[in-house]
Amino acid sequence: MSLLDKLDAVAAARKALLPEGLEVFGTPIEEVYSATEARIGDRRILFLGTNNYLGLTFAPECLRAAHEAIDREGTGTTGSRMANGSYSSHRALEREFAEFYHCQSGIVFTTGYQANLAMISGLAGAGDVVLIDGDSHASVYDGCRLSGAEIIRFRHNDVSDMEKRLKRLGERSKSTLIVAEGIYSMLGDQAPLAEIVRVKNAYNSILLLDEAHSLGVLGKTGQGLAEETGLTDGVDFITGTFSKSLGSIGGYCVSNHPQLDQLRYISRPYIFTASPSPSTIASTRAALKLLRDGTELRRQLWQNSRQLYARLDGLGYQLGPQPGPVIANILDSPQQALLLWKGLLDHGIYVNLILPPAAPEGKALVRCSVSAAHTSEQIDHVGDVFAELRKSIFQ
Amino acid sequence: MSTDYNNILSRLCFHLKQLSSPDVVIVPETDLINELAIDSVKLLNLVMEIEDEFDISVSLNALADIQTVHELANLIYKIKSQNK
Ligand SMILES: Cc1ncc(COP(=O)(O)O)c(C=O)c1O
């Protein structure tokens, strides 16, 4: 089969699964009105599938900071920090991240995806082992591939399975990088961090925790699961992204290991890409302050999350195991998931559709994500629509 | 190689039978993805069962090259012998 024929075959498989004329993936959004509302086609819709957990995308402080940075430093850096120079605002954000986590140092990356690529491939190499949760994000899998290390998966959130694999490695557990996530992006459940830290210490391994979905969501000051569980010192490297609760784009890593800085010289996803635009860095700095002081935003976020989780659970939807801002409806077939997704959109609610193989265990998901910017009335309305669809789709 | 390998092969066929339709005949040359229509998620779950049964870890790197039932059985055999 030629290269182009292969793409045609993939396109045919997708068309067979999805009805004609329905833009399920890459749905065009014509106008954005606020953190929670936009227009798709000629319909005003409620966003229930962003990762805008704190609703900061239109925070006046962030908008102002971004405008000022564009005027002061221009629209882009036009190059890598290692080759083309390192702006003071990028360095300041790194210090602010390190202070926020009470860590020795921090590095900023161009995306969250690249943060994982850079850290995993910078830490592990040929002959080493990466031991990852089976439900890890694609950036973790891709970072592992880039590293050239041996990749071993453990069953999702199953620490005894993880330990069994460390034991089998014998002495090699000392050159093993374990990777877990604070909140898993698809099912919304949290890693059993205390157990993971205990086992990684027992086997002298290194632990990297991706707080992509837990930054701003968990912990007193919003650091994530490590803060929530009081285990920041037990985690060797924390990565995360600006693209969710911080409402911009970019990634970071913080650590108390002095070796972190060395990654700037060896990690390809850090070196061979342009650094974030000044406006992105500026809005992120403003958002990080709001996030740290965002106790009220977190309270609202959790109230909304619990409200929606309880309602959907009560209606009989099969949900991920733990309430939180990521609420996954688990459906038995892609067809059912598609009906639910389309039904919601017809009622002006836009969520994420996740089909196999992207969905864990080969299921199909309709993934909702809740924001502190949603009102209780909006969440009630969403619940009413789910109730109506339950009757029409499942009975 | 024979007894251990044959034991691995028969256990593997047993697991594969559970995942495929009843009328499919599984032989060492059977192609996992194309003939048994086992997708990557199912294959990874199957491998986890086998890992438990034989007390081994199979890396994703090694799995990437596997196409047939024989190749998978052979991989498990090799990992198992290295651990002895
Ligand atoms: C767990 C996890 N890690 C990393 C990323 C990558 O972040 P970004 O989209 O900022 O590149 C995502 C989100 O896409 C994610 O869900």
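Read-outs throughout are calculated quantities, based only on the coordinates presented, and are distinct from any laboratory measurement. None of the values given here were measured: they were computed from a predicted structure. Neighbour counts run over all protein chains shown; Cβ positions are idealised from the backbone, glycine included.
Report the local net charge at B:Lys17: Lys and Arg +1, Asp and Glu -1, summed over other residues whose C-beta lies under 15 Å from its C-beta.
Numbers: positive: B:Arg11, B:Lys42; negative: B:Asp23, B:Glu35, B:Glu49, B:Glu53.
Value of the local net charge: -2.
Would you mind giving the average projected area, over all directions, of the Cα convex hull of the range B:36-84 in nm² with one decimal?
On the way: hull surface 13.1 nm².
Hull-based average projected area comes out at 3.3 nm².
Counting only Cα atoms, chain A measures 57, 55, 51 Å along its principal axes, largest extent leading. Dipole magnitude for the protein assembly as shown: about 640 debye, using +1 per Lys or Arg Cβ and -1 per Asp or Glu Cβ, origin at the Cα centre.
The mean number of Cβ atoms from other chains found within 10 Å of a Cβ in peptide A:151-161 is 3, as a whole number. Each of A:Gln259, A:Ala282, B:Met48 was scored by the projection of its Cα onto the charge dipole of the protein assembly as shown, and the greatest displacement toward the positive side belongs to A:Gln259; charges sit on the C-beta of Lys, Arg, Asp and Glu.
Helical content alone sets the calculated 222 nm signal of chain A at -13000 deg cm²/dmol, taking -39,500 (n - 2.57) per DSSP H segment of four or more residues and averaging over every residue.
Go through the range A:124-231 and name the trypsin sites (Lys or Arg not before Pro) that are in a DSSP coil and have 14 or fewer other Cβ atoms within 10 Å of their Cβ. Mind dumping the intermediate values first?
Details: sites: A:Arg145, A:Arg153, A:Arg155, A:Lys164, A:Arg165, A:Lys167, A:Arg168, A:Arg172, A:Lys174, A:Arg198, A:Lys200, A:Lys220; in loops: A:Arg155, A:Lys220.
Counting only loop positions with at most 14 other Cβ atoms within 10 Å, the trypsin sites (Lys or Arg not before Pro) in the range A:124-231 are A:Lys220.
Proximity of backbone amide H atoms, modeled 1.01 Å from N, is registered between A:Phe154 and A:Ile132, A:Asp133, A:Gly134 at under 5 Å, excluding neighbours fewer than 5 places apart on the same chain. In this structure the amide hydrogen of A:Tyr53, modeled in the peptide plane, comes within under 5 Å of the amide hydrogens of A:Ser245, none closer than 5 places in sequence on its chain. Hey, which lysines would be in cross-link range of A:Lys244, C-alpha to C-alpha under 19 Å, not counting anything within fewer than 8 residues on its own chain? A:Lys244 reaches A:Lys220, A:Lys289.
By other beta-carbon atoms within 10 Å, ranking B:Ile50, A:Ile354, A:Ile107 with the fewest at the front produces B:Ile50, A:Ile354, A:Ile107. Among the chymotrypsin sites (Phe, Trp or Tyr not before Pro) found in the range A:95-165, not one is both in a DSSP coil and sparsely packed, with 16 or fewer other Cβ atoms within 10 Å of its Cβ. With the cut-off at under 17 Å, measuring from each backbone N in the range B:58-80 to a point 7 Å along the Cα-to-Cβ line of B:Ser40 picks out B:59-68.
Here the relative contact order of the range A:58-292, from alpha carbon pairs under 8 Å that lie six or more residues apart, stands at 31 percent.
Our note on the geometry: Cα centres of the range A:9-76 and the range A:260-293, 22 Å apart. Count Lys and Arg as plus one, Asp and Glu as minus one, and take only other residues whose Cβ is under 15 Å from that of A:Glu150; the net charge is then +3. The HN-Hα couplings worked out from phi for the range A:91-100 by the Karplus form 6.51 cos²θ - 1.76 cosθ + 1.60 (θ = phi - 60°) are 5, 5, 4, 4, 5, 5, 5, 4, 5, 4 Hz, whole numbers, x standing for Gly and Pro. Put +1 on the Cβ of every Lys and Arg and -1 on every Asp and Glu Cβ in chain A; which of A:Leu338, A:Gly250, A:Tyr317 then has its Cα farthest towards the positive end of the dipole? Farthest towards the positive pole: A:Gly250. For B:Lys42, go through the lysines and keep the ones whose alpha-carbon is under 20 Å away, minus same-chain ones fewer than eight residues off. List returned: A:Lys363, B:Lys17. Starting from a Cα-only point model with no solvent, please compute log10 I(q)/I(0) by Debye for the range A:200-268 at q = 0.12, 0.21, 0.25 1/Å. At q = 0.12, 0.21, 0.25 Å⁻¹ the computed log10 ratios are -0.34, -0.94, -1.14.
Whole-Hz Karplus values for the range A:145-152 come out as 4, 5, 6, x, 6, 6, 9, 10 Hz, taken residue by residue from phi with 6.51 cos²θ - 1.76 cosθ + 1.60 and θ = phi - 60°; glycine and proline positions read x. Ranking A:Gly125, A:Ser175, A:Ala69 by Cα position along the charge dipole of the protein assembly as shown, where only Lys, Arg, Asp and Glu carry charges on their C-beta atoms, puts A:Ala69 farthest toward the positive end. Backbone phi angles across the range A:31-40, fed through the Karplus curve with coefficients 6.51, -1.76 and 1.60 (θ = phi - 60°), yield HN-Hα couplings of 8, 10, 9, 6, 5, 10, 9, 7, 10, 10 Hz in residue order; Gly and Pro are listed as x. Taken about its Cα centre, the range A:90-194 carries a charge dipole of roughly 340 debye when the Cβ of each Lys and Arg holds +1 and the Cβ of each Asp and Glu holds -1.
Distance from the Cα centroid of the range A:135-187 to that of the range B:1-40 is 27 Å (rounded to whole angstrom).
For chain B, what relative contact order do you get, as a whole percent, if you take Cα pairs closer than 8 Å and at least 6 residues apart?
Working: 56 pairs, mean separation 34.1, N = 84.
Computed over chain B, the figure is 41 percent.
As a test of the formula, what do you get for chain B when each DSSP H run with n ≥ 4 contributes -39,500 (n - 2.57) and the sum is divided by the residue count, at 222 nm and rounded to the nearest 500 deg cm²/dmol?
On the way: 4 runs with 52 residues, N = 84.
My calculation for chain B gives -19500 deg cm²/dmol from helical runs alone.
Peptide B:57-63 shows a mean partner chain C-beta count of 6 within 10 Å per residue C-beta.
Less than 5 angstrom separates the built amide H of A:Thr111 from those of A:Gly251, all sequence-distant by 5 or more or on a different chain.
Kindly identify the range A:58-292 as rounded, prolate or oblate by the Cα gyration tensor criterion: order the square roots of the eigenvalues as a ≥ b ≥ c, call it rounded if a/c is under 1.5, otherwise compare a/b with b/c, prolate if a/b is larger, else oblate.
Values: a/c = 2.19, a/b = 1.57, b/c = 1.40.
Note, shape of the range A:58-292 comes out prolate.
Need one word for the range A:1-156: rounded, prolate or oblate. Basis is the Cα gyration tensor (sqrt eigenvalues a ≥ b ≥ c); a/c below 1.5 gives rounded, then a/b vs b/c decides.
Values: a/c = 1.85, a/b = 1.06, b/c = 1.74.
Note, shape of the range A:1-156 comes out oblate.
Each peptide among B:27-38, A:315-326, A:269-280 gets the average number of other Cβ atoms lying within 10 Å of its residues, and from highest to lowest they stand as A:269-280, A:315-326, B:27-38. Each Cα pair under 8 Å and six or more residues apart adds its separation to the average, and for chain A the resulting relative contact order is 22 percent.
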